[in-house]
Ligand SMILES: Nc1ncnc2c1ncn2[C@@H]1O[C@H](COP(=O)(O)OP(=O)(O)OP(=O)(O)O)[C@@H](O)[C@H]1O
Ligand SMILES: [Mg+2]
(Lines give C-alpha, C1' and ligand atoms only; values in the text may rest on other atoms or scores of the structure.)
(Ligands and ions follow the chains in the order given, each with its own letter.)
Protein backbone atom coordinates (compact mmCIF):
# COMPACT_ATOMS: atom_id res chain seq x y z
CA UNK A 1 0.00 0.00 0.00
CA UNK A 2 1.34 3.37 -0.97
CA UNK A 3 1.54 5.87 1.84
CA UNK A 4 1.25 9.61 1.70
CA UNK A 5 3.63 11.16 4.13
CA UNK A 6 2.63 14.24 6.14
CA UNK A 7 5.42 16.60 7.09
CA UNK A 8 4.63 18.58 10.23
CA UNK A 9 6.87 21.32 11.62
CA UNK A 10 6.56 21.97 15.33
CA UNK A 11 7.51 25.58 15.68
CA UNK A 12 7.35 28.67 17.82
CA UNK A 13 9.99 31.37 17.79
CA UNK A 14 9.60 31.62 21.56
CA UNK A 15 11.99 29.43 23.54
CA UNK A 16 11.01 26.87 26.15
CA UNK A 17 7.33 26.55 25.26
CA UNK A 18 7.35 22.76 24.93
CA UNK A 19 8.18 22.28 21.22
CA UNK A 20 10.69 19.50 21.72
CA UNK A 21 8.62 17.79 24.43
CA UNK A 22 5.68 17.81 22.03
CA UNK A 23 7.80 16.48 19.14
CA UNK A 24 9.18 13.61 21.25
CA UNK A 25 5.89 12.57 22.83
CA UNK A 26 3.68 13.05 19.81
CA UNK A 27 6.15 10.97 17.78
CA UNK A 28 6.31 8.30 20.48
CA UNK A 29 2.54 8.09 20.87
CA UNK A 30 2.04 7.89 17.09
CA UNK A 31 4.65 5.15 16.80
CA UNK A 32 2.88 3.22 19.55
CA UNK A 33 -0.21 3.34 17.34
CA UNK A 34 1.93 1.74 14.61
CA UNK A 35 2.37 4.86 12.54
CA UNK A 36 5.83 5.03 11.03
CA UNK A 37 7.42 8.24 12.28
CA UNK A 38 10.60 10.12 11.46
CA UNK A 39 11.64 12.93 13.79
CA UNK A 40 14.05 15.46 12.29
CA UNK A 41 15.95 17.35 14.97
CA UNK A 42 16.83 20.74 13.49
CA UNK A 43 17.87 22.38 16.73
CA UNK A 44 21.62 22.32 17.52
CA UNK A 45 20.66 21.94 21.19
CA UNK A 46 19.74 18.37 20.12
CA UNK A 47 17.17 17.96 22.88
CA UNK A 48 14.87 15.84 20.72
CA UNK A 49 17.80 13.56 19.85
CA UNK A 50 18.69 13.11 23.51
CA UNK A 51 15.05 12.79 24.56
CA UNK A 52 14.68 9.88 22.16
CA UNK A 53 17.67 8.13 23.70
CA UNK A 54 20.29 8.91 21.05
CA UNK A 55 23.67 10.57 21.40
CA UNK A 56 24.92 13.45 19.28
CA UNK A 57 27.30 12.14 16.66
CA UNK A 58 29.44 14.20 14.33
CA UNK A 59 28.24 13.83 10.76
CA UNK A 60 24.88 12.29 11.65
CA UNK A 61 22.31 15.02 11.11
CA UNK A 62 20.56 16.79 8.28
CA UNK A 63 23.64 19.01 7.86
CA UNK A 64 25.67 16.69 5.57
CA UNK A 65 22.52 16.14 3.51
CA UNK A 66 22.06 19.91 3.19
CA UNK A 67 25.63 20.36 2.00
CA UNK A 68 25.40 17.36 -0.31
CA UNK A 69 27.98 15.07 1.27
CA UNK A 70 25.55 12.39 2.44
CA UNK A 71 22.30 10.85 1.27
CA UNK A 72 19.38 11.25 3.65
CA UNK A 73 19.05 7.48 4.05
CA UNK A 74 22.50 7.47 5.66
CA UNK A 75 21.52 9.75 8.53
CA UNK A 76 18.19 8.17 9.54
CA UNK A 77 18.70 6.39 12.84
CA UNK A 78 16.38 3.87 14.45
CA UNK A 79 15.49 4.40 18.12
CA UNK A 80 14.86 1.68 20.72
CA UNK A 81 11.20 1.68 19.77
CA UNK A 82 9.44 0.26 16.77
CA UNK A 83 8.29 2.68 14.08
CA UNK A 84 10.20 5.56 15.68
CA UNK A 85 13.22 6.93 13.81
CA UNK A 86 15.21 10.11 14.02
CA UNK A 87 17.59 12.27 12.06
CA UNK A 88 19.62 13.56 15.00
CA UNK A 89 21.09 17.00 15.47
CA UNK A 90 24.73 17.86 16.08
CA UNK A 91 26.93 20.87 16.50
CA UNK A 92 27.41 21.46 12.74
CA UNK A 93 23.82 22.65 12.57
CA UNK A 94 24.69 25.53 14.88
CA UNK A 95 26.46 27.30 12.04
CA UNK A 96 23.65 26.72 9.58
CA UNK A 97 21.97 30.09 10.10
CA UNK A 98 25.08 31.98 9.03
CA UNK A 99 26.47 29.48 6.60
CA UNK A 100 23.27 29.11 4.60
CA UNK A 101 22.10 32.72 4.72
CA UNK A 102 23.52 33.53 1.27
CA UNK A 103 22.53 30.23 -0.31
CA UNK A 104 20.22 30.70 -3.23
CA UNK A 105 18.08 27.69 -2.45
CA UNK A 106 18.02 28.41 1.31
CA UNK A 107 14.23 28.46 1.46
CA UNK A 108 13.83 25.14 -0.33
CA UNK A 109 16.91 23.40 1.08
CA UNK A 110 15.12 21.36 3.75
CA UNK A 111 12.25 20.51 1.40
CA UNK A 112 14.75 19.27 -1.18
CA UNK A 113 16.72 17.32 1.42
CA UNK A 114 13.58 15.55 2.68
CA UNK A 115 12.10 14.94 -0.77
CA UNK A 116 13.48 11.41 -1.38
CA UNK A 117 12.25 10.11 1.95
CA UNK A 118 8.90 11.90 1.66
CA UNK A 119 8.36 10.52 -1.82
CA UNK A 120 9.37 7.01 -0.76
CA UNK A 121 6.26 6.88 1.45
CA UNK A 122 8.28 5.03 4.09
CA UNK A 123 6.80 7.15 6.87
CA UNK A 124 3.31 8.25 7.83
CA UNK A 125 4.61 11.36 9.56
CA UNK A 126 7.84 13.34 9.39
CA UNK A 127 8.00 15.67 12.38
CA UNK A 128 10.44 18.59 12.40
CA UNK A 129 11.69 20.02 15.68
CA UNK A 130 12.51 23.66 14.93
CA UNK A 131 14.91 25.89 16.85
CA UNK A 132 13.42 28.86 18.74
CA UNK A 133 14.01 31.65 16.23
CA UNK A 134 12.53 32.99 13.04
CA UNK A 135 15.79 32.29 11.21
CA UNK A 136 16.69 30.35 8.08
CA UNK A 137 16.23 26.91 9.60
CA UNK A 138 12.73 27.63 10.83
CA UNK A 139 11.71 29.45 7.66
CA UNK A 140 13.05 26.65 5.52
CA UNK A 141 11.12 24.17 7.72
CA UNK A 142 7.93 26.09 7.04
CA UNK A 143 8.64 25.73 3.34
CA UNK A 144 9.31 22.00 3.74
CA UNK A 145 6.18 21.09 5.68
CA UNK A 146 2.51 20.49 4.96
CA UNK A 147 1.40 21.86 8.30
CA UNK A 148 2.71 23.78 11.30
CA UNK A 149 1.85 22.78 14.83
CA UNK A 150 2.39 25.56 17.36
CA UNK A 151 2.82 24.67 21.03
CA UNK A 152 2.13 27.63 23.31
CA UNK A 153 1.90 28.41 26.97
CA UNK A 154 -1.23 30.13 28.13
CA UNK A 155 0.38 33.24 29.54
CA UNK A 156 0.45 36.99 29.18
CA UNK A 157 1.23 38.11 25.57
CA UNK A 158 0.58 34.64 24.12
CA UNK A 159 -1.47 36.23 21.33
CA UNK A 160 1.43 38.51 20.37
CA UNK A 161 3.75 35.55 19.99
CA UNK A 162 1.13 33.75 17.92
CA UNK A 163 0.75 36.76 15.65
CA UNK A 164 4.47 36.62 14.85
CA UNK A 165 4.52 33.01 13.79
CA UNK A 166 1.17 33.05 12.00
CA UNK A 167 2.48 36.08 10.11
CA UNK A 168 5.47 34.02 8.98
CA UNK A 169 3.14 31.21 7.95
CA UNK A 170 1.06 33.65 5.90
CA UNK A 171 4.13 35.01 4.12
CA UNK A 172 5.44 31.55 3.27
CA UNK A 173 2.01 30.48 2.06
CA UNK A 174 1.76 33.56 -0.15
CA UNK A 175 5.12 32.85 -1.71
CA UNK A 176 6.95 29.51 -1.75
CA UNK A 177 4.53 27.06 -0.12
CA UNK A 178 0.91 27.74 -1.09
CA UNK A 179 -0.23 24.42 0.42
CA UNK A 180 1.08 25.31 3.89
CA UNK A 181 -1.53 24.93 6.62
CA UNK A 182 -1.74 25.93 10.23
CA UNK A 183 -2.09 22.40 11.55
CA UNK A 184 -3.07 23.61 14.96
CA UNK A 185 -2.19 25.13 18.29
CA UNK A 186 -1.64 23.07 21.41
CA UNK A 187 -1.46 24.44 24.94
CA UNK A 188 1.46 23.13 26.95
CA UNK A 189 2.50 23.24 30.61
CA UNK A 190 -1.02 24.27 31.58
CA UNK A 191 -1.82 25.11 35.15
CA UNK A 192 -5.57 24.89 35.01
CA UNK A 193 -6.00 26.51 38.44
CA UNK A 194 -4.70 29.87 37.26
CA UNK A 195 -7.28 32.46 36.27
CA UNK A 196 -4.94 34.02 33.69
CA UNK A 197 -4.47 30.61 32.05
CA UNK A 198 -8.21 30.26 31.60
CA UNK A 199 -8.52 33.78 30.18
CA UNK A 200 -5.67 33.30 27.71
CA UNK A 201 -6.99 29.92 26.58
CA UNK A 202 -10.41 31.42 26.00
CA UNK A 203 -8.94 34.31 24.04
CA UNK A 204 -6.85 32.03 21.81
CA UNK A 205 -9.75 29.63 21.25
CA UNK A 206 -11.99 32.60 20.43
CA UNK A 207 -9.54 33.75 17.79
CA UNK A 208 -8.35 30.46 16.29
CA UNK A 209 -11.48 28.33 16.83
CA UNK A 210 -11.10 24.66 16.00
CA UNK A 211 -7.44 25.13 15.08
CA UNK A 212 -6.82 24.86 18.81
CA UNK A 213 -6.53 21.26 19.95
CA UNK A 214 -9.06 20.23 22.61
CA UNK A 215 -6.38 18.41 24.56
CA UNK A 216 -4.20 20.70 26.63
CA UNK A 217 -1.01 19.33 28.16
CA UNK A 218 -0.78 19.96 31.91
CA UNK A 219 2.41 20.86 33.71
CA UNK A 220 3.60 17.55 35.08
CA UNK A 221 6.90 16.74 36.74
CA UNK A 222 7.21 13.32 35.04
CA UNK A 223 7.27 15.12 31.67
CA UNK A 224 10.25 17.21 32.73
CA UNK A 225 12.10 14.22 34.21
CA UNK A 226 11.79 12.00 31.15
CA UNK A 227 14.41 13.70 28.91
CA UNK A 228 17.22 12.86 31.36
CA UNK A 229 16.26 9.18 30.99
CA UNK A 230 16.35 9.39 27.19
CA UNK A 231 12.82 8.04 27.09
CA UNK A 232 9.60 9.80 26.07
CA UNK A 233 7.27 10.11 29.05
CA UNK A 234 4.55 8.23 27.16
CA UNK A 235 6.81 5.15 27.40
CA UNK A 236 8.55 5.95 30.69
CA UNK A 237 5.42 6.50 32.77
CA UNK A 238 2.39 5.89 30.56
CA UNK A 239 -0.06 6.41 33.42
CA UNK A 240 1.24 9.84 34.41
CA UNK A 241 -0.96 12.83 33.70
CA UNK A 242 1.54 14.18 31.20
CA UNK A 243 1.72 10.90 29.29
CA UNK A 244 -2.04 10.42 29.27
CA UNK A 245 -2.55 13.89 27.86
CA UNK A 246 0.13 13.47 25.18
CA UNK A 247 -1.55 10.19 24.15
CA UNK A 248 -4.94 11.91 24.00
CA UNK A 249 -3.36 14.70 21.99
CA UNK A 250 -1.79 12.20 19.56
CA UNK A 251 -5.22 10.64 19.15
CA UNK A 252 -6.74 13.96 18.24
CA UNK A 253 -3.80 14.66 15.93
CA UNK A 254 -4.29 11.36 14.09
CA UNK A 255 -8.00 11.97 13.69
CA UNK A 256 -7.29 15.40 12.18
CA UNK A 257 -4.38 14.18 10.07
CA UNK A 258 -5.32 10.78 8.70
CA UNK A 259 -2.80 9.02 6.57
CA UNK A 260 -3.64 6.57 3.86
CA UNK A 261 -2.97 3.93 6.48
CA UNK A 262 -5.99 5.23 8.41
CA UNK A 263 -8.13 5.52 5.32
CA UNK A 264 -7.45 1.87 4.50
CA UNK A 265 -8.84 0.89 7.87
CA UNK A 266 -12.20 2.56 7.45
CA UNK A 267 -14.51 -0.26 6.56
CA UNK A 268 -18.17 0.11 5.64
CA UNK A 269 -19.22 -2.09 8.57
CA UNK A 270 -17.18 -0.12 11.05
CA UNK A 271 -19.47 -1.12 13.89
CA UNK A 272 -18.38 -4.74 13.58
CA UNK A 273 -14.64 -4.91 14.00
CA UNK A 274 -13.02 -8.00 12.61
CA UNK A 275 -10.47 -9.82 14.70
CA UNK A 276 -6.89 -9.35 13.57
CA UNK A 277 -5.60 -11.95 11.17
CA UNK A 278 -3.47 -14.66 12.70
CA UNK A 279 -0.39 -13.75 10.70
CA UNK A 280 -0.32 -10.14 11.83
CA UNK A 281 2.36 -9.36 14.40
CA UNK A 282 0.68 -8.28 17.62
CA UNK A 283 2.93 -5.47 18.78
CA UNK A 284 2.77 -3.91 22.17
CA UNK A 285 2.49 -0.17 22.16
CA UNK A 286 5.90 1.31 22.69
CA UNK A 287 7.48 -2.07 22.21
CA UNK A 288 11.22 -1.77 21.97
CA UNK A 289 12.49 -2.27 18.46
CA UNK A 290 14.26 -5.49 17.68
CA UNK A 291 18.05 -5.47 17.49
CA UNK A 292 18.04 -5.49 13.74
CA UNK A 293 15.59 -2.62 13.56
CA UNK A 294 16.13 -0.63 10.41
CA UNK A 295 14.57 2.70 9.58
CA UNK A 296 10.88 1.96 9.29
CA UNK A 297 10.71 1.31 5.62
CA UNK A 298 8.52 -1.70 6.02
CA UNK A 299 4.78 -1.44 6.06
CA UNK A 300 3.33 -1.49 9.57
CA UNK A 301 0.76 -4.21 10.16
CA UNK A 302 -2.66 -2.97 9.17
CA UNK A 303 -4.84 -3.45 12.17
CA UNK A 304 -8.37 -4.62 11.92
CA UNK A 305 -10.58 -1.66 12.69
CA UNK A 306 -11.39 -1.44 16.35
CA UNK A 307 -13.66 0.80 18.33
CA UNK A 308 -10.50 2.53 19.54
CA UNK A 309 -9.56 3.91 16.18
CA UNK A 310 -9.82 7.66 15.62
CA UNK A 311 -11.03 7.05 12.10
CA UNK A 312 -14.13 5.60 13.70
CA UNK A 313 -14.89 8.52 15.95
CA UNK A 314 -13.91 6.94 19.19
CA UNK A 315 -14.50 9.61 21.80
CA UNK A 316 -11.61 8.68 24.06
CA UNK A 317 -8.05 7.63 23.44
CA UNK A 318 -7.12 4.00 23.82
CA UNK A 319 -5.94 2.83 27.17
CA UNK A 320 -2.45 2.04 26.06
CA UNK A 321 -0.30 -0.25 28.09
CA UNK A 322 2.95 1.29 26.91
CA UNK A 323 6.06 -0.63 27.75
CA UNK A 324 9.03 1.39 28.93
CA UNK A 325 11.76 -0.64 27.39
N1 LIG B 1 4.07 19.47 30.34
C2 LIG B 1 5.21 19.76 30.96
N3 LIG B 1 5.33 19.68 32.30
C4 LIG B 1 6.49 19.98 32.93
N5 LIG B 1 7.60 20.37 32.29
C6 LIG B 1 7.55 20.49 30.96
C7 LIG B 1 6.37 20.19 30.22
N8 LIG B 1 6.62 20.39 28.89
C9 LIG B 1 7.90 20.79 28.82
N10 LIG B 1 8.47 20.85 30.04
C11 LIG B 1 9.85 21.26 30.37
O12 LIG B 1 10.01 22.61 29.97
C13 LIG B 1 11.30 22.83 29.41
C14 LIG B 1 11.14 23.38 27.98
O15 LIG B 1 10.50 22.40 27.18
P16 LIG B 1 10.99 22.09 25.70
O17 LIG B 1 12.45 21.84 25.68
O18 LIG B 1 10.09 21.05 25.17
O19 LIG B 1 10.68 23.49 25.04
P20 LIG B 1 11.16 24.03 23.61
O21 LIG B 1 10.12 24.95 23.14
O22 LIG B 1 11.56 22.92 22.74
O23 LIG B 1 12.47 24.82 24.04
P24 LIG B 1 13.54 25.49 23.01
O25 LIG B 1 12.86 26.72 22.50
O26 LIG B 1 14.73 25.78 23.87
O27 LIG B 1 13.81 24.49 21.94
C28 LIG B 1 12.01 21.50 29.47
O29 LIG B 1 12.80 21.45 30.62
C30 LIG B 1 10.87 20.49 29.56
O31 LIG B 1 11.26 19.29 30.22
MG1 LIG C 1 13.31 22.61 21.64
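All of 227, 218 fail the test of being under 18 Å from residue 187 (Cα atoms) and either surrounded by 22 or more Cβ atoms within 10 Å (Cβ to Cβ) or within 20 Å of the chain's Cα centre (by Cα) (or both), apart from 218.
The rows are residues; the columns are (1) under 22 Å from residue 26 (Cα atoms); (2) modelled with pLDDT of 95 or more; (3) more than 19 Å from the chain's Cα centre (by Cα).
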{"position": "145", "(1), (2), (3)": "yes, yes, no"}
{"position": "150", "(1), (2), (3)": "yes, yes, no"}
{"position": "153", "(1), (2), (3)": "yes, yes, no"}
{"position": "156", "(1), (2), (3)": "no, no, yes"}
{"position": "166", "(1), (2), (3)": "yes, yes, no"}
{"position": "172", "(1), (2), (3)": "no, yes, yes"}
{"position": "178", "(1), (2), (3)": "no, yes, yes"}
{"position": "182", "(1), (2), (3)": "yes, yes, no"}
{"position": "186", "(1), (2), (3)": "yes, yes, no"}
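Taking the conditions (1) outside any helix (DSSP H, G or I); (2) touching a helix residue (DSSP H, G or I) at 6+ places or on another chain (Cβ under 6 Å); (3) surrounded by 19 or more Cβ atoms within 10 Å (Cβ to Cβ) in turn, residue 172 satisfies each one other than (1).
What's the total number of residues in the stretch 17-44 that are part of a loop (DSSP other than H, G, I, E, B) and more than 14 Å from ligand 2 (Cβ to nearest atom)?
First, pick out the residues of the stretch 17-44 that are part of a loop (DSSP other than H, G, I, E, B): 17-18, 33-36, 42-44.
Applying the additional criterion that residues be more than 14 Å from ligand 2 (Cβ to nearest atom) yields 33-36.
Matching residues across the stretch 17-44 total 4.
Among the residues of the stretch 1-13 satisfying the criterion of being in contact with a strand residue (DSSP E or B) (Cβ under 8 Å, 6 or more places away or on another chain) and assigned to a loop (DSSP other than H, G, I, E, B), which is surrounded by the most Cβ atoms within 10 Å (Cβ to Cβ)?
Filtering the stretch 1-13 for residues in contact with a strand residue (DSSP E or B) (Cβ under 8 Å, 6 or more places away or on another chain) gives 5-12.
Now restrict to residues that are assigned to a loop (DSSP other than H, G, I, E, B): 5, 11-12.
On the way: 5: 20, 11: 28, 12: 26.
The extreme case among them is 11.
On the stretch given as the stretch 112-132, residues that are more than 16 Å from ligand 1 (Cβ to nearest atom), out of contact with any strand residue (DSSP E or B) (no Cβ under 7 Å at 6 or more places or on another chain) and closer than 17 Å to residue 93 by Cβ total 2.
Of the set (1) crowded, with 22+ Cβ neighbours inside 10 Å; (2) assigned to a loop (DSSP other than H, G, I, E, B); (3) out of contact with any strand residue (DSSP E or B) (no Cβ under 8 Å at 6 or more places or on another chain), all apply to residue 70 but (1).
For the stretch 32-52, the set of residues classified as within 13 Å of residue 86 (Cα to Cα) and more than 15 Å from ligand 1 (Cβ to nearest atom) consists of 36, 37, 38, listed by residue number. Among the residues of the stretch 137-156, are any in contact with a helix residue (DSSP H, G or I) (Cβ under 8 Å, 6 or more places away or on another chain), surrounded by fewer than 20 Cβ atoms within 10 Å (Cβ to Cβ) and under 21 Å from residue 59 (Cα atoms)? So far as the stretch 137-156 goes, no, none of its residues is in contact with a helix residue (DSSP H, G or I) (Cβ under 8 Å, 6 or more places away or on another chain), surrounded by fewer than 20 Cβ atoms within 10 Å (Cβ to Cβ) and under 21 Å from residue 59 (Cα atoms).
Scanning the stretch 218-239 for residues that are away from ligand 1 (no atom under 11 Å from the Cβ), under 16 Å from residue 26 (Cα atoms) and in a helix (DSSP H, G or I) yields 234, 235, 236.
So that you can scan it fast, the table gives a plain yes or no per residue for (1) buried (at least 19 other Cβ atoms within 10 Å of the Cβ); (2) at pLDDT 95 or above; (3) within 16 Å of ligand 2 (Cβ to nearest atom); (4) more than 28 Å from residue 236 (Cα to Cα):
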site: 46; (1), (2), (3), (4): yes, yes, yes, no
site: 52; (1), (2), (3), (4): yes, yes, yes, no
site: 61; (1), (2), (3), (4): yes, yes, yes, no
site: 81; (1), (2), (3), (4): yes, yes, no, no
site: 86; (1), (2), (3), (4): yes, yes, yes, no
site: 90; (1), (2), (3), (4): yes, no, yes, no
site: 93; (1), (2), (3), (4): yes, no, yes, yes
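Quick check: is even one residue across the stretch 219-230 in contact with a strand residue (DSSP E or B) (Cβ under 9 Å, 6 or more places away or on another chain) and either free of Cβ contacts under 8 Å to residues at least 12 places away in the same chain or over 18 Å from residue 48 (Cα atoms) (or both)? Yes, some residue in the stretch 219-230 is in contact with a strand residue (DSSP E or B) (Cβ under 9 Å, 6 or more places away or on another chain) and either free of Cβ contacts under 8 Å to residues at least 12 places away in the same chain or over 18 Å from residue 48 (Cα atoms) (or both).
Assess whether residue 93 counts as being outside any loop (DSSP other than H, G, I, E, B), under 25 Å from residue 231 (Cβ atoms) and within 16 Å of ligand 1 (Cβ to nearest atom). Give the derivation first.
Values: outside any loop (DSSP other than H, G, I, E, B): yes; under 25 Å from residue 231 (Cβ atoms): yes; within 16 Å of ligand 1 (Cβ to nearest atom): yes.
So residue 93 fits the description; yes.
Going by what's in this entry, would residue 252 be described as outside any loop (DSSP other than H, G, I, E, B), out of contact with any strand residue (DSSP E or B) (no Cβ under 9 Å at 6 or more places or on another chain) and more than 16 Å from ligand 2 (Cβ to nearest atom)? No: the conditions fail for residue 252.
The values are calculated or read from the model by the stated rules, or taken from the named source; none is laboratory data. Since this is a predicted model, take the numbers as computed values, not measurements. Every residue, glycine among them, receives a Cβ derived from its backbone with ideal geometry; neighbour counts consider all protein chains shown.
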